[in-house]
Every structure is written in C-alpha cells, then in structure tokens.
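Written out below as structure tokens is the structure these notes cover.
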Amino acid sequence: MSARRAQLAVFVRFVVVNGANTVLYYGLYLLLRLAMPYLLANVVALAVAILVAFWLNARFAFKVEARLSKLLPYALSNLAGAALRTLAVLLLVELAHMSEELAPLVATALTLPIAFLLTHLVMADRPGRLGRTADAV
C-alpha cells in the first residue's frame, strides 16, 4: 500500500472512530443528565469519551499500542482541538452569522484535519514525525 493511500485509510478510520465516539459522548451525557447536573454529566461523559477515543484511535485508527504514556498528550491534544472548535463556533456565529445549531457541526468539520494531525502526532511511533503508524510502514 502506498504511503498516501495508507494515510487516507488512517484518516477514514479516524473519522469513523471519532464519529462513533461523538455519539457515545452525547448518549452518555443524556443518560447521565438523568442522575446529575448537566455540567457534571458533561465532564464525566467527556472523560469517558476521551478514554474510549484514545483506545479506539490507537487500536483501530492508527493501529499502534495504546500506551499509558500517550494518554496525557492525547488528552491535551483533545483539549487543544476543543479550544479550536470553540473559537471556530464563535467566529462562525458572530462573524459569519451562522445559526448556533449548525455552527458546531461546521466547526467540527473544519477542524477535523487539525484534530487528525494532533492525534497522529501523539500516536506516531516517533513523536513529531508523521507517517510512522502501523499502516504507514
């Protein structure tokens, strides 16, 4: 498999994993809302979703070992991605006058390549070097 095709396969798996994980997060959030305040439900659902996404991205999307040493950098990359998506939502709503309901979906789509890059950097066998996941070697 060519390196370009391998990267595309990784990206497609990344999109599938993170799409499924978004559904998991939202479903868990709604379920937890039945038993706790919304902010606590959000924090718990987000924590679970990050752990699940870490494992799924490592095992399925990038096909690398899910090492505990990569969990903190992965969580931080998710935090950076969330901050970027939040900024994108703000700009889309305030400057582009997009609806508040649609803006998060568009912001997620716009920031997906950056989220992929950040996750790839964390999951790569050699930090800071792209293309060193199982599919790319």
> Quick one: which of 56, 105 is within 14 Å of residue 18 (Cβ to Cβ), modelled with pLDDT of 95 or more and part of a helix (DSSP H, G or I)?
Replying inline: 56
> Is there any pair linking a residue in the range 26-41 that is surrounded by 12 or more Cβ atoms within 10 Å (Cβ to Cβ) to one that is part of a helix (DSSP H, G or I) and of a type in the set (Gly, Ala, Ser), with Cβ under 6 Å and at least six apart or on different chains, and which?
Replying inline: 28/45; 29/41; 29/45; 32/41; 32/45; 33/41
>> Suppose we keep only residues that are over 20 Å from residue 113 (Cβ atoms) and small (Gly, Ala, Ser) within the range 58-74. Which one would you say is surrounded by the fewest Cβ atoms within 10 Å (Cβ to Cβ)?
In response: 69
>> Checking the condition within 21 Å of residue 43 (Cβ to Cβ) and either at pLDDT 90 or above or of a type in the set (Phe, Trp, Tyr) (or both), which residue from 73, 113 passes?
In response: 73
> What is the one condition in (1) of a type in the set (A, V, I, L, M); (2) buried (at least 19 other Cβ atoms within 10 Å of the Cβ); (3) without any contact (Cβ under 8 Å) to a residue 12 or more places away in the chain that residue 45 does not satisfy?
Replying inline: (3)
> Here is a list of conditions, (1) in a helix (DSSP H, G or I); (2) surrounded by 16 or more Cβ atoms within 10 Å (Cβ to Cβ); (3) without any contact (Cβ under 8 Å) to a residue 12 or more places away in the chain, and residue 113 meets all of them except one; can you say which number that is?
Replying inline: (2)
> Quick check, is residue 21 within 16 Å of residue 117 (Cα to Cα), part of a helix (DSSP H, G or I) and either of a type outside the set (Gly, Ala, Ser) or touching a Leu at 6+ places or on another chain (Cβ under 7 Å) (or both)?
Replying inline: no
> Restricting the search to the range 59-72, which residues are in contact (Cβ under 8 Å) with a residue 24 or more places away in the chain and assigned to a helix (DSSP H, G or I)?
Replying inline: 60, 61, 70
> Can you tell me which of 93, 122 is within 20 Å of residue 4 (Cα to Cα) and modelled with pLDDT under 95?
Replying inline: 122
> Only one of (1) closer than 16 Å to residue 50 by Cβ; (2) surrounded by 12 or more Cβ atoms within 10 Å (Cβ to Cβ) fails for residue 98. Which number is that?
Replying inline: (1)
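The values are calculated or read from the model by the stated rules, or taken from the named source; none is laboratory data. Worth saying up front: this structure is predicted, and the values here are computed from it rather than measured. FYI the Cβ positions are ideal-geometry reconstructions off the backbone, even for glycines, and counts take in every protein chain you see.
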